[in-house]
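Peer 1: The structure follows.
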Amino acid sequence: MTTLTDSATMLRRNLRHAIRYPSLTFGVALVPVIMLLMFAYLFGNAISIGVASTTEGADYIDFLVPGILLMTLGSGSQTTAVQICGDMAEGIVARFRTMPITRTSVLTGQVAGSVILTMVSSVLTVGVGLAMGFRPTAGPVEWLAVLGLMLLATFAITWLAVGFGLASKAPEGASNAAMPLSFFLPLPVHGLRPAGVAAGRHPLVRRVPAVHADHRDAARVAGRRADRAQRLAGRRVVRRARDRRLPVVEEAVQPRPEPVGRAASAASAAPRSSDRSRPAYSDTASAYAGLSACSAAAPTFAADIAG
Amino acid sequence: MNTAIGVTGLRKKFGDHVVLDGVDLHVPAGTIFSLLGPNGAGKTTAVQILSTLITADSGQVTVAGHDVAADPDGVRAAIGVTGQFSAVDKLLTGEENLRLMGELYRLPKQEITRRASTLLERFDLVAAGGKLASTYSGGMLRRLDLAMTLVGEPRVIFLDEPTTGLDPRSRRGMWEVIKDLVAGGVTVFLTTQYLEEADQLADRIAVLDHGRIVAEGTAAELKRRIPGGHVRLRFTNVRELDTAARILANATADQDSLTLTVPGDGSRRALKDLLDRLDDAAIEVDALTVHTPDLDDVFFALTGHTTIDQEATLS
Ligand SMILES: Nc1ncnc2c1ncn2[C@@H]1O[C@H](COP(=O)(O)OP(=O)(O)OP(=O)(O)O)[C@@H](O)[C@H]1O
Ligand SMILES: [Mg+2]
């Protein structure tokens, strides 16, 4: 109970900070929208040439929006890591530690705030996408599943970002450490262009299992029950990769990503025990497993909507 | 009398660096206790251990009846800490900072409002209450910091160098606040580098040096152990130093630095008298510094080594 009260107090503190610095907040919230506009209007022509030949009747925007949504998940992580790192250096956190409050509430407040901001950002992205002609075929239940998956994935990524923030000595370091979370994660994945377009033959691309969640498969799965897809998402992706005899999968992601739910809770548990005085890597390793499951699942599902 | 803070055999080292080397303290409830020491003496480390921020290597520490190792939350519920460096949320306003504290103490809404406005008034921050703390001056931050410490109405308060960096007026204001607190039955554990501050406020003073308590007692007891001030003369060569040393019988000469230390209070009369005697002997003085009794003298007297040089150079 006190944990909840304290976390809510810290969340209010966090949201106040966000309101105090609207430029930063809006910046974070708008990055995915800007990416969406950029891919649609700047690179769109070049990429969408391939769309017509590989898919029947779908527009590039229908592939792009889910891809950008995936990018949204990590878009706040650098800010989160920087904020946590900066906060830990502030005297106010030392003060919190001398008060009779739940110790992790500083972190949970920050995570809750970041997740909320990311969700706002996602809604913005979808909204702008709809205005641009995005026409998803998914029903309400599927959308709920998408929302749930995105929440879990954001939750996992944000805790990772918090871990980076705690492990870094300076905000600059935190920003760099968290950089891969916000950019490199979605890029090798097929999110930003339809599967048929370009080859996906680059070694890196071949090694990321989520890449193979392409849209023909997606179309096949789209008919399945959404909840079952969610439950299986993490495992399915890897299994599919194995079916295709891609032994490299094992070294690319952490071995054996866990099912999403359990993985996310592992991810959330990790930073809780992390302590500034020892490297967070041992703790974040388990979170990585969760992350890879979540991030592998998210594009599959995002693709399902588009399909 | 009730014990508010009891410390026995407290030890702490960082790596190989021994910072606290067997400290014993006893602070009765409702009194002000001052830990006096120079930079690096271990004052902040002691406060951090007593306020549950870091753990000791060994020793027994109880605060407000709770053991810091066994029951840190019990300690935290009873204490308030104003650390050496400002512990306010700079992205919030002064009032929001106070309210944040109230919320974390899980006080009812009206009570939070009441305490926040009382404290803003008491610390002369009413006008600044709605402004972001990042716009505050050092003195205002310090006051807000202490106000935040008081939101939870703690019974034991730790103040780590509460007046360092304040101008004389703000310092006096802070002293008044601290005296008021103790009048209300609170116990105050205060660290300072200023003998005068300890003198003004503390019921008892402990002098910390290299992690050990080298003296403990009331201000009057300590001051009896401090010699008066002295005047330091520097010469251009050894011959003049020797001549001067012969004239001024109670002085101590240092051949290496060509200086002569003459006991004296540095009053105008004493100085004139001193310079006249040197003039009569036609000795050229290169530089003269007057040294009034301060923490350095306490240290010199108690430990045989000096701390920081705070002398006022005259010529
Ligand atoms: N976290 C730490 N790691 C390593 N050494 C430390 C740490 N904290 C303090 N020290 C060392 O312990 C010694 C005592 O530090 P402390 O901060 O307690 O001194 P202090 O009496 O508060 O000094 P000041 O008047 O400058 O505030 C210093 O030499 C400092 O370098
Ligand atoms: Mg200190």
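Peer 1: What are the residues in segment B:49-64 that are more than 8 Å from chain A (Cβ to nearest Cβ) and without any contact (Cβ under 8 Å) to a residue 60 or more places away in the chain, if any?
Peer 2: Residues satisfying the conditions are B:ILE49, B:ILE54, B:THR55, B:ALA56, B:ASP57, B:SER58, B:GLY59, B:GLN60, B:VAL61, B:THR62.
Peer 1: What number goes with the only condition from (1) without any contact (Cβ under 8 Å) to a residue 60 or more places away in the chain; (2) under 20 Å from B:LEU92 (Cα atoms); (3) open to solvent by 20 Å² or more (accessible area, probe 1.4 Å) that A:ALA112 does not pass?
Peer 2: Of (1) without any contact (Cβ under 8 Å) to a residue 60 or more places away in the chain; (2) under 20 Å from B:LEU92 (Cα atoms); (3) open to solvent by 20 Å² or more (accessible area, probe 1.4 Å), only one is false for A:ALA112: (1).
Peer 1: Can you tell me which condition A:VAL123 does not meet? The list is (1) open to solvent by 40 Å² or more (accessible area, probe 1.4 Å); (2) away from chain B (no Cβ under 14 Å); (3) in contact with a Gly (Cβ under 9 Å, 6 or more places away or on another chain); (4) part of a helix (DSSP H, G or I), and all the others hold.
Peer 2: Evaluating A:VAL123 over (1) open to solvent by 40 Å² or more (accessible area, probe 1.4 Å); (2) away from chain B (no Cβ under 14 Å); (3) in contact with a Gly (Cβ under 9 Å, 6 or more places away or on another chain); (4) part of a helix (DSSP H, G or I) leaves (3) as the failure.
Peer 1: Another one. Condition (residue is more than 15 Å from ligand 1 (Cβ to nearest atom) and within 23 Å of B:ASP180 (Cα to Cα)) applied to segment B:36-47: is it met by at least one residue?
Peer 2: no
Peer 1: Select the strands (runs of 3 or more DSSP E) contained entirely in segment B:218-289, then report the ones holding at least 1 residues which are under 33 Å from the mean Cα position of the chain (by Cα) and without any contact (Cβ under 8 Å) to a residue 12 or more places away in the chain.
Peer 2: On the way: elements: B:230-234, B:252-254, B:259-263.
Filter on segment B:218-289 gives B:252-254.
Peer 1: Checking B:GLY102 against (1) under 29 Å from the mean Cα position of the chain (by Cα); (2) small (Gly, Ala, Ser); (3) open to solvent by 20 Å² or more (accessible area, probe 1.4 Å): exactly one of these is not met. Which one?
Peer 2: (3)
Peer 1: So if I check each of B:LEU233, B:LEU201, which one is within 13 Å of B:LEU36 (Cβ to Cβ) and open to solvent by less than 30 Å² (accessible area, probe 1.4 Å)? Lay out the reasoning, then the answer.
Peer 2: Numbers: B:LEU233 fails: within 13 Å of B:LEU36 (Cβ to Cβ).
Within the list B:LEU233, B:LEU201, the selection yields B:LEU201.
Peer 1: Name the residues in segment B:138-154 that are under 21 Å from the mean Cα position of the chain (by Cα) and either more than 12 Å from chain A (Cβ to nearest Cβ) or within 16 Å of ligand 1 (Cβ to nearest atom) (or both), would you?
Peer 2: If the condition is that a residue be under 21 Å from the mean Cα position of the chain (by Cα) and either more than 12 Å from chain A (Cβ to nearest Cβ) or within 16 Å of ligand 1 (Cβ to nearest atom) (or both), then B:GLY138, B:GLY139, B:MET140, B:ARG142, B:ARG143, B:ASP145, B:ALA147, B:LEU150 are the ones that fit.
Peer 1: Of (1) surrounded by 23 or more Cβ atoms within 10 Å (Cβ to Cβ); (2) polar (S, T, N, Q); (3) within 16 Å of ligand 1 (Cβ to nearest atom), B:THR187 satisfies all except one. Which?
Peer 2: Among (1) surrounded by 23 or more Cβ atoms within 10 Å (Cβ to Cβ); (2) polar (S, T, N, Q); (3) within 16 Å of ligand 1 (Cβ to nearest atom), the lone unmet condition for B:THR187 is (3).
Peer 1: Among the residues of segment B:152-165, write down those that are within 16 Å of ligand 2 (Cβ to nearest atom) and open to solvent by 20 Å² or more (accessible area, probe 1.4 Å). It would help to see each step written out before you state the result.
Peer 2: Of segment B:152-165, the ones within 16 Å of ligand 2 (Cβ to nearest atom) are B:158-165.
Passing the criteria: B:THR164, B:GLY165.
Peer 1: Might you check whether a residue that is within 16 Å of ligand 2 (Cβ to nearest atom) and open to solvent by less than 10 Å² (accessible area, probe 1.4 Å) occurs anywhere in segment B:218-230? Step through it out loud before you land on a result.
Peer 2: Of segment B:218-230, the ones within 16 Å of ligand 2 (Cβ to nearest atom) are none.
No.
Peer 1: Looking only at segment B:26-40, decide whether some residue is away from ligand 2 (no atom under 16 Å from the Cβ), in contact (Cβ under 8 Å) with a residue 12 or more places away in the chain and touching a Gly at 6+ places or on another chain (Cβ under 7 Å).
Peer 2: yes
Every residue, every condition in (1) touching a residue at least 60 places away in the same chain (Cβ under 8 Å); (2) closer than 21 Å to B:ALA128 by Cβ; (3) more than 8 Å from every other protein chain (Cβ to nearest Cβ), yes or no:
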| position | (1), (2), (3) |
| --- | --- |
| B:ALA69 | no, no, yes |
| B:ARG76 | no, no, no |
| B:SER86 | no, yes, no |
| B:ASP89 | no, yes, no |
| B:GLY94 | no, yes, yes |
| B:LEU104 | no, no, no |
| B:LYS109 | no, no, yes |
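Peer 1: List the number of the failed condition for B:ARG212; all other conditions in (1) of a type outside the set (Asp, Glu); (2) surrounded by fewer than 20 Cβ atoms within 10 Å (Cβ to Cβ); (3) at pLDDT below 90 hold.
Peer 2: Status for B:ARG212: all satisfied but (3).
Peer 1: Specify which of the listed residues (B:THR164, B:THR113) is more than 13 Å from chain A (Cβ to nearest Cβ) and at pLDDT below 90. Walk me through it before giving the result.
Peer 2: Working: B:THR113 fails: at pLDDT below 90.
Step by step, each of B:THR164, B:THR113 is checked, and only B:THR164 is more than 13 Å from chain A (Cβ to nearest Cβ) and at pLDDT below 90.
Peer 1: Which residue pairs have Cβ atoms closer than 8 Å, lie 6 or more positions apart in sequence or on different chains, and pair a first residue in segment B:186-199 that is charged (D, E, K, R) with a second residue that is within 14 Å of ligand 1 (Cβ to nearest atom)?
Peer 2: From segment B:186-199, the pairs are B:GLU197/B:SER34; B:GLU197/B:THR163; B:GLU197/B:LEU190.
Peer 1: Taking B:THR62 as the residue in question, decide whether it is touching a Pro at 6+ places or on another chain (Cβ under 9 Å) and more than 16 Å from ligand 1 (Cβ to nearest atom).
Peer 2: The answer is no for B:THR62.
Peer 1: Look at segment A:13-26 and say how many of its residues are at pLDDT 85 or above and either more than 9 Å from chain B (Cβ to nearest Cβ) or over 23 Å from the mean Cα position of the chain (by Cα) (or both).
Peer 2: The number of residues fulfilling the criteria is 7.
Peer 1: What tally of residues in segment B:49-82 results from selecting those that are within 16 Å of ligand 2 (Cβ to nearest atom) and within 15 Å of B:VAL27 (Cα to Cα)?
Peer 2: Going through segment B:49-82 one residue at a time, the tally reaches 2.
Peer 1: Name the one entry in A:GLY109, A:GLY50 that is in a helix (DSSP H, G or I) and modelled with pLDDT under 85.
Peer 2: A:GLY50
Peer 1: Residues being within 9 Å of chain B (Cβ to nearest Cβ), buried (at least 23 other Cβ atoms within 10 Å of the Cβ) and not in a helix (DSSP H, G or I): count how many of those fall in segment A:67-98.
Peer 2: Result for segment A:67-98: 1.
The values are calculated or read from the model by the stated rules, or taken from the named source; none is laboratory data. All values reported here derive from a predicted model rather than from experimental measurement. As a convention, Cβ positions derive from the backbone with ideal geometry for all residues, glycine included, and neighbour counts pool all protein chains shown. The area values use the complete protein model at the heavy-atom level, side chains included, leaving out ligands, DNA and RNA. Shrake-Rupley method; radii C 1.70, N 1.55, O 1.52, S 1.80 Å.
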